Structure formats: structure tokens, C-alpha cells
Amino acid sequence: MSLRVLLAGGGSIGHVSPLLSLVDELRRRDPDVAVHCLATAEGLESRVLPEHGLAVTVVPRVPLPRRPTPTLLSVPGRLAEAVAAAAGAIEAVRADVVVGFGGYVAMPGYLAARRRRVPLVVHEGNALPGIANRFAARFLATAVAVSFADTRLPKAVFTGLPIRRAVADLDRAQERSRARAEFGLAPDAPTLLVTGGSQGAQRLNQAVLGAAADLAAAGIGVLHIAGPRNVVDAPEQEPRYVVRGYVDRMELAYAASDLVLCRAGANTVAEVAAVGLPAVFVPLPFGNGEQRRNAAELLAAGAGLAIDDADVDSAYVRTVVRDLATDPARLAAMAGAARAIMPRDADRRLADLVGDVAAGSHGSGSVPR
């Protein structure tokens, strides 16, 4: 009989993307696998998951106030409602295993798995775990998978972060010419990729635009993914400078590039490391510092650089970034260091773990690195 899986993860693309990569791997192994998902009505997962052909049960969103407020008094009742909805989904699909990736939708799924006595696998995407995953790892989970080797959670095994197979299987050198032609980039110029993630980053946009003339003078091409909501015009008379609002095939952007200036979200760090693309990381300045921690292992290995958001400006781009982009020996060393850190088969490792847990064969130990 085919596996029946209930998945819970949402609120951001950082939770949804590895979920979808796991689904793709499960479907490759067994086209008849039954996959059902939990979603909140407000989360992007309620739109993205059905677009991927996935059935969804909507559960109430239950944010936990960070400070004592009257809203805190309503949390138990709203959480009970969400857990009941998640438990109903588990019962309806007769799930063999629940797999959670964090976000508001995760905690109801975790508690419902315990209520229905269904084994639970938790996957933590960031180097610094979120509240729901910390709680579930300690008290609820059968097994815990982590994206970064130094993440400390009970029961943790290192699988890496599942990424799309089109990225994981990318041969940058083989695809470089085709990718540069696709974007209209110069075929032989060192090329800088600039991306602020799915929504873009205004500070990165401004810093690179202000250094456009200096990059051009150094013979550097630029593929600037500004973000779908940001209007950025390519500098006049700079044919090596290509601006796109959004790119849906990031593997081609990676193949076209020799260096990337980017944020340090977990998916970005995992993808650029897996394909061996040297990076200059600009971690988001808010949150609990998870973005800098996401990049920490790459930085320690010499596979990337990092600069604080407040310090990245055009002067930095026209000096540090320009000098790195025109140093092929250093870029090659950084690329090799990156590839050694992040596994390309995290989707397969996580699918193995899910299958083992569902079959009742999971024991202590770790997935080999």
C-alpha cells in the first residue's frame, strides 16, 4: 500500500519550498503516494500548494503574542480549534506520518499528530530553530531533520535542506553559455548575480545600481533580480547590466553567474552552496539572527563573505565585490568549499527518514553527511 502523508508548513516560502521538494521526491518514488497538506487561509501556502496539485485542509491561524496582552487569553481556544481541524485531516486521510516544516500551521499539526498517535517528523530549515519546531523536537517528534549540521535540536539528524532537483542537479559550467544567452549576458565576462530573495531587497538594489559604472569599467556583467515589486531601470549604455523583476528558473541565474550578492535565507544559502556559487551574504537585520547563522558554516569554510545590512553600499560593491568578481582563482576555491558543505540530495535523505518513520524502523543515529 502506498504511503499516506500529511504535511504542515507555511507562512513563508522558506517553509513551503522544502515541503514541495519533499513532495516531488515522494512522487518520484511512488506516483500513488497520498499527500495532503495543512494551510492557513492567510498564508501563501493556501495558494502555492493547490497550484502544485496538492489537497489542502485550512486550519485557523494562531499567532502567539510575544508579550503578555489580552490577545493571549484567546490563544488556547483558537489553538484547540486549529488542532481539531488538523486532527480531522489526519483521520480523513488516514495518515501514516505527519511531516512539519514550521510556521503558524505547524503547531496544530504537531499537536494533532500526538492526539492521533501518528508518528511525527519535524524538519527545521534554519540554523536557529523556531518556537514550534523547538517545542515539537523536545516533546512530540519521532524524528527531527536539520538543514545545517550545527543546529542543536533533540533527536536531530543532518539531512540538509531539500531544494528543487533542477537546482540540485545543476552543472553550472555545462549550462553557463546557454544561461548567459537566455539572459542576454556577455558570454565571457565575469558575472555578478544580485538577488534579495522572492521579494527583492531595496538596499541591495541601491548599492549595486550606484556601482554600475565601476562594475562595467571592470568588465563585470550584472544579472540584477530586483524583486517583483521593485521598479529598477538598467543603467543607460551598460549592455552588460541586465535587470529582471523576477526569475522563475533560478537554476539558470546560478549557471550564468560567477558570484552572488544576496540575503542569507535558508533556501538561498542551501541553493548557492549546493551549486558551488560563491556568495557575499547580506543577512536581514531583524529577526533572531538566523540569517547570519545560516551562512556561518560557509563563512567559516571560506565559501562566502558577509556584511551587515547597514554597511552594504555602493562603495563596498565597487571595491570588495568588484575585486572578488574579477579573481577567478579565489572564486574557484570558494566554489569548491561551498559544494563540500551542503548535500545535494537532501530531498532523498528526508524522504528516506519519512519512510523509515512511517514504517516504524527509525532508530537513533544520523543520516550520513
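Bear in mind these aren't lab numbers, they're just calculated from the coordinates by the rules spelled out. Just so it is clear, the model here is predicted, and its values are computed rather than measured. Because the Cβ atoms are built from the backbone with ideal geometry, glycine has one as well, and the counts that use them run over all protein chains shown.
In degrees between 0 and 90, to the nearest 10, how far off the longest principal axis of the chain does helix 172-183 point, with axes built from Cα atoms?
That helix lies at roughly 70 degrees to the long axis.
Find the Rg to Rh ratio for the stretch 170-339, where Rh is the Kirkwood radius over alpha-carbon pairs and Rg uses the same atoms. Before the final figure, lay out the partial values.
Working: Rg = 14.3 Å, Rh = 15.5 Å.
Using only Cα positions, Rg/Rh for the stretch 170-339 is 0.92.
Taking 0.36 nm per intervening residue step and subtracting the Cα-Cα distance, what contour gain separates Asp308 from Ala166 on full extension?
Numbers: separation 142, 0.36 × 142 = 51.12 nm, distance 3.08 nm.
Gain on extension, Asp308 to Ala166, equals 48.0 nm.
Run the dipole for the chain about the Cα centre, Lys and Arg Cβ at +1, Asp and Glu Cβ at -1, nothing else charged, and hand back the magnitude in debye, nearest 20.
Details: 40 positive and 37 negative charges, 243 e Å.
Roughly 1160 debye for the chain.
Using a Förster distance of 35 Å, how high is the FRET efficiency between Asp352 and Arg330, based on the Cβ-Cβ distance and rounded to 0.05?
On the way: r = 36 Å, r/R0 = 1.04.
Step by step, r from the Cβ atoms, then E = 0.45.
Computed over the Cα atoms of the chain, what is the convex hull's projected area averaged over all directions, in nm²?
Numbers: hull surface 73.4 nm².
Projected over every direction and averaged, the Cα hull of the chain covers 18.3 nm².
In the neighborhood of Met107, defined by Cβ-to-Cβ distances under 12 Å, what is the net charge if each Lys or Arg adds +1 and each Asp or Glu adds -1?
Around Met107, the surrounding residues sum to +4.
Assuming R0 = 22 Å, what is the FRET efficiency of Phe139 and Ala41, from their Cβ-Cβ distance, to the nearest 0.05?
Working: r = 28 Å, r/R0 = 1.25.
Efficiency at R0 = 22 Å is approximately 0.20.
Give or take rounding to whole Å, what are the principal axis extents of the alpha carbon atoms in the stretch 295-364, in descending order?
Projected onto its principal axes, the Cα set of the stretch 295-364 covers 56, 29, 17 Å.
Quote the charge dipole size of the stretch 170-339 about the Cα centre in Debye, to the nearest 20; the model charges only the Cβ of Lys and Arg (+1) and of Asp and Glu (-1).
Details: 16 positive and 20 negative charges, 41 e Å.
Using Cβ point charges on Lys, Arg, Asp and Glu, the stretch 170-339 gives about 200 debye.
Measure off 7 Å from each Cα along the Cα-to-Cβ vector at Ala217 and Ile131, then give the distance between these two points in nanometres to one decimal.
Each label point lies 7 Å from its Cα, and together they span 5.1 nm.
How much FRET efficiency would the formula 1/(1 + (r/R0)^6) give for Ala92 and Asp248, where r is the Cβ-Cβ distance and R0 is 25 Å, rounded to 0.05? Don't skip to the answer; put the middle values down first.
Values: r = 33 Å, r/R0 = 1.33.
The formula returns an efficiency of 0.15 here.
Could you tell me the convex hull volume per residue, in Å³, taken over the Cα atoms of the stretch 1-160? Don't skip to the end; give the middle numbers.
On the way: hull volume 17.2 nm³, N = 160.
Convex hull of Cα atoms, per residue: 107 Å³.
Could you work out the local net charge near Ser257, counting Lys and Arg as +1, Asp and Glu as -1, over the other residues with Cβ closer than 10 Å to its Cβ?
Working: positive: Arg172, Arg176, Arg180; negative: Asp258.
My count for the surroundings of Ser257 gives +2.
Assuming 0.36 nm per residue, please report the length gained on full extension of the stretch Glu81 to Asp323 beyond their Cα-Cα distance. Write out the running numbers ahead of the final one.
Details: separation 242, 0.36 × 242 = 87.12 nm, distance 5.62 nm.
Length difference between fully extended and current span is 81.5 nm.
What is the gain in length, in nm to one decimal, between Arg28 and Ala301 on full extension, counting 0.36 nm per residue of separation less the C-alpha to C-alpha distance? Provide the component values of the computation, followed by the final result.
Numbers: separation 273, 0.36 × 273 = 98.28 nm, distance 3.37 nm.
That works out to 94.9 nm of additional length.
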